[in-house]
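**Student:** Pasting a structure below so you can have a look.
The values are calculated or read from the model by the stated rules, or taken from the named source; none is laboratory data. All values derive from a computational prediction rather than experimental measurement. Positions of Cβ are backbone-derived with ideal geometry, glycine not excepted, and every protein chain shown enters the neighbour counts. Note: areas computed on protein heavy atoms with side chains; ligands, DNA, RNA excluded. Shrake-Rupley method; radii C 1.70, N 1.55, O 1.52, S 1.80 Å.
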Amino acid sequence: MSAHEIDYRIFGEEMQYVEVELDPQEGVVAESGSFMMMDSDIKMTTILGDGSNQEKGLLGKIFSAGKRILTGESLFMTVFTNVGQGKKQVSFASPYPGKIVPIDLTNYGGKFICQKDAFLCAAKGVSIGIEFSKKLGRGLFGGEGFIMQKMEGDGMGFIHAGGTLAKKVLQPGEVIKVDTGCIVGFTQDVDYDIEFVGGIKNTVFGGEGLFFATLRGPGTVYIQSLPFSRLAGRVIAMAPQTGRGDRGEGSVLGGLGDLLDGDNRF
């Protein structure tokens with residue numbers, strides 16, 4: 001195998017984390033901000049790109065890292081390597097309530113496509129790149145733009161889904177229609193396109209957006225019930241609009257609470 005062969009355990013229900021077990025000199029690569037905890041003999045190194053064997057020389061690393069900017073991610077990734085004796089553990093946490101999904105790339109033809117913010121971590125040697133949409137409609141209206149992330153190789157990768165996870169195994173020609181933001185990822189054989197909802201009432205009053213995704217089998221699709229964009233939208237909609245940054249217009253104490261807290265800006 002070109003990727004390191006790692007073992008893992010997933011803990012928790014709604015706020016999960018994955019514990020990766022590393023043999024000596026084994027490593028795992030992760031996005032910035034996903035680290036939770038590690039044993040003392042784990043060495044943390046910041047690198048350009050993803051540390052896969054596909055990167056050749058400095059220019060290859062710069063090109064690989066530069067592509068990540070297009071997905072909104074950092075130029076750098078972090079590698080955690082076991083430099084001690086015996087097995088050691090390093091853990092990575094979900095960014096918000098949901099499920100961590102283990103993806104064994106050997107079961108999916110060596111490639112898996114996912115939302116640009118779904119990737120959590122992967123065995124060192126797995127290539128984390130970008131997947132360009134070949135269809136204009138998907139790029140303009142798909143919610144994820146022209147670009148999604150992809151994992152390639154023969155190792156384990158881990159992605160995160162918000163809320164409750166649904167796994168759909170599509171037969172050849174079978175179609176499922178999904179809200180564009182609810183797609184977590186799918187295998188490379190799935191045909192992904194965007195369809196207009198249609199109808200004046202649906203468009204103006206439906207409240208579900210103008211487009212949804214159509215996914216045609218064969219292949220496997222992972223769907224999330226709570227996209228982060230939907231969660232963030234609800235939080236913003238409920239945030240106070242007074243400009244004071246206070247506890248909200250529905251506070252029981254209201255202005256009296258501000259006074260008790262020492263906020264005199266009435």
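Matching residues to (1) open to solvent by 80 Å² or more (accessible area, probe 1.4 Å); (2) modelled with pLDDT under 90; (3) within 17 Å of Phe119 (Cα to Cα); (4) hydrophobic (A, V, I, L, M, F, W, C):
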position: Phe11; (1), (2), (3), (4): no, no, no, yes
position: Met37; (1), (2), (3), (4): yes, no, no, yes
position: Ile42; (1), (2), (3), (4): no, no, no, yes
position: Lys61; (1), (2), (3), (4): yes, yes, no, no
position: Ile69; (1), (2), (3), (4): yes, yes, yes, yes
position: Tyr96; (1), (2), (3), (4): no, yes, yes, no
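**Student:** Please count how many residues of region 16-35 are surrounded by 13 or more Cβ atoms within 10 Å (Cβ to Cβ) and within 22 Å of the chain's Cα centre (by Cα).
**Tutor:** Total meeting the criteria: 13.
**Student:** Suppose we keep only residues that are of a type outside the set (A, V, I, L, M) and closer than 16 Å to Ala213 by Cβ within region 168-182. Which one would you say is farthest from the chain's Cα centre (by Cα)?
**Tutor:** Checking each candidate, the answer is Glu174.
**Student:** Of all residues in region 155-169, count the ones that are open to solvent by 40 Å² or more (accessible area, probe 1.4 Å) and either in contact with a strand residue (DSSP E or B) (Cβ under 6 Å, 6 or more places away or on another chain) or not β-branched (Val, Ile, Thr) (or both).
**Tutor:** 4
**Student:** If you don't mind, there's one more thing I want to ask. Would region 132-148 turn up any residue that is modelled with pLDDT of 85 or more, open to solvent by less than 10 Å² (accessible area, probe 1.4 Å) and not in a helix (DSSP H, G or I)?
**Tutor:** No, region 132-148 contains no residue that is modelled with pLDDT of 85 or more, open to solvent by less than 10 Å² (accessible area, probe 1.4 Å) and not in a helix (DSSP H, G or I).
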